[in-house]
Amino acid sequence: MLAAFAGALLNWYQSQQRSLPWRSSSDPYQIWVSEVMLQQTRVETVLPYYARWLERFPTVDSLAAASQQEALAMWEGLGYYSRARNLHRAAQKVVKEFGGRIPSTVAELRMLPGIGAYTAAAIASIAFGVDVAVLDGNVKRVLARLFNYSGDVKSARGEKELSMLAQRLLPPGQAGDYNQALMELGATICTPRTPACPRCPVREWCQAQQLGLQHARPVTRKRAPAPRRVFAVGVIRKRGRVLLTQRADDGLLGGLWAFPSVSLIEAETGASSGAPSNAALDLQRGLRQSLGVCISVQAPLQTLSHAYTHFRVTAYVFDCDWLAGQPQGQLRVKWLPVSWLVRYPMGKIDRSIARHLARTHAAYAPHPGL
């Protein structure tokens, strides 16, 4: 079964694979970049970012020589910014400790920031031909259906058992193509909700399909409802400029720039009824305590929402005037003309605010004497 299954899968892959830029490359750096970008992100979204990234950072040395801010700026909009920070740190480690040579073994690859079991296996097999199986979400789904696996594929036990099955199926000497074929099958045929079983090249080996259970596999634990976080955000004006703060390096949006904000307790009436009645006062008090600035909160500017992986954010944005106090604390701060905001990497909500200001706030022209 093993040889026949692998042969059918590889034949299908050779004739049906999507034409993707990283598949035509044997450069370990380009393969590494593609694997990091593709984590939890759709191929269609990654394609333009991948092209721009390689134009700006064509080699691991060029990435290592750049600043983290340059890397974050090129990554802006792709999300999961720890990937960009880790990729930048890893490039510096490759140059410093490996002489600019990307490691070829799983063990060495896992020494680099941001490279876990899956990414190490993908790079080692695709770039260096190491006989190691990958296990991402697509592969888990394919294997769960193929073997009618009824365990939780996201549990520690499920990961271990599926990893053993994946390694057992791996054809020696063909790991790179085989791993990509299995992932391609999951992405294009063995999809989560509507698997195209009649077109599947390995359906004769699929136990779940034979039992009519393909829609019931894989089994995963139910997610708890995503919590909602609510913020008041201040666009603080001072002599034609606005205040930005840089987030700490750790955390979801680490290293990015943001408009000052404070966390609010969610109003019982919900987001649709507008900002909580205490939002403006909490913003005023919170920024006096955290930044040491006194502000006058003016009219609401926007209400913005964004869904992250594990929570949702609602941001009530207010126009504010600076009254007194110099920004202080551990965060970096800058007073900037609106036209300069495009130069600073931001998360989606802050970028939406910056674009709104660029479109509607001509009064934010830089003051000639500042």
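The values are calculated or read from the model by the stated rules, or taken from the named source; none is laboratory data. Just so it is clear, the structure is predicted and the values come from calculations on it, not from any experiment. Cβ atoms come from the backbone with ideal geometry, glycine included; neighbour counts cover every protein chain shown.
Considering each of Val139, Val130 in turn, give the residue that is in a loop (DSSP other than H, G, I, E, B) and in contact (Cβ under 8 Å) with a residue 40 or more places away in the chain.
None of the other options fit; the residue is Val130.
Quickly run through region 307-349 and pick out the residues that are part of a strand (DSSP E or B), within 26 Å of the chain's Cα centre (by Cα) and surrounded by fewer than 15 Cβ atoms within 10 Å (Cβ to Cβ).
Ala307
Tally time: how many residues in region 196-205 are part of a helix (DSSP H, G or I) and closer than 16 Å to Ala4 by Cβ?
Selection size over region 196-205: 3.
Return the pair list, or none, for Cβ contacts closer than 7 Å from residues in region 116-127 that are more than 10 Å from Glu35 (Cα to Cα) to residues that are at pLDDT 95 or above and among the hydroxyl-bearing types (Ser, Thr, Tyr), at least 6 apart or on different chains.
Ala124/Ser104; Ala124/Thr105
Can you name the residue in region 104-152 that is under 22 Å from the mean Cα position of the chain (by Cα) and farther than 16 Å from Met183 by Cα and, of all such residues, is surrounded by the most Cβ atoms within 10 Å (Cβ to Cβ)?
Of everything passing the filter in region 104-152, Leu109 is surrounded by the most Cβ atoms within 10 Å (Cβ to Cβ).
Please go through region 22-51 and pick out each residue that is under 16 Å from Ser104 (Cβ atoms) and in a helix (DSSP H, G or I).
Within region 22-51, Pro28, Tyr29, Gln30, Ile31, Trp32, Glu35 meet the criteria.
Taking the condition of being crowded, with 20+ Cβ neighbours inside 10 Å and either touching a Phe, Trp or Tyr at 6+ places or on another chain (Cβ under 7 Å) or not assigned by TED's automatic domain parsing to the domain that holds Val139 (or both), how many residues in region 31-49 meet it?
Number of matching residues: 4.
Note down all Cβ pairs under 9 Å where the first residue falls in region 184-205 and is within 15 Å of Asn138 (Cα to Cα), the second is among the hydroxyl-bearing types (Ser, Thr, Tyr) and surrounded by fewer than 18 Cβ atoms within 10 Å (Cβ to Cβ), and they're at least six residues apart or on different chains.
Pairs that qualify, where the first residue is within 15 Å of Asn138 (Cα to Cα) and the partner is among the hydroxyl-bearing types (Ser, Thr, Tyr) and surrounded by fewer than 18 Cβ atoms within 10 Å (Cβ to Cβ), are Ala196/Thr188.
Condition first: in contact (Cβ under 8 Å) with a residue 40 or more places away in the chain and assigned to a helix (DSSP H, G or I). Now tell me which residues in region 206-217 satisfy that.
Within region 206-217, Gln207, Ala208, Gln209, Gln214 meet the criteria.
One line per residue, one yes/no per condition, for (1) of a type outside the set (Asp, Glu); (2) more than 30 Å from Ala124 (Cβ to Cβ); (3) outside the structural domain of Leu9 (by TED's automatic domain parsing):
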position: Arg168; (1), (2), (3): yes, no, no
position: Pro172; (1), (2), (3): yes, no, no
position: Tyr178; (1), (2), (3): yes, no, no
position: Glu184; (1), (2), (3): no, no, no
position: Ala187; (1), (2), (3): yes, no, no
position: Thr194; (1), (2), (3): yes, yes, no
position: Arg199; (1), (2), (3): yes, yes, no
position: Val202; (1), (2), (3): yes, no, no
position: Ala232; (1), (2), (3): yes, yes, yes
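Could you list, in sequence order, all residues of region 195-229 that are touching a helix residue (DSSP H, G or I) at 6+ places or on another chain (Cβ under 8 Å) and among the β-branched types (Val, Ile, Thr)?
Val202, Val219
Going by the structure shown, is Ser352 surrounded by fewer than 14 Cβ atoms within 10 Å (Cβ to Cβ) and part of a helix (DSSP H, G or I)?
The answer is no for Ser352.
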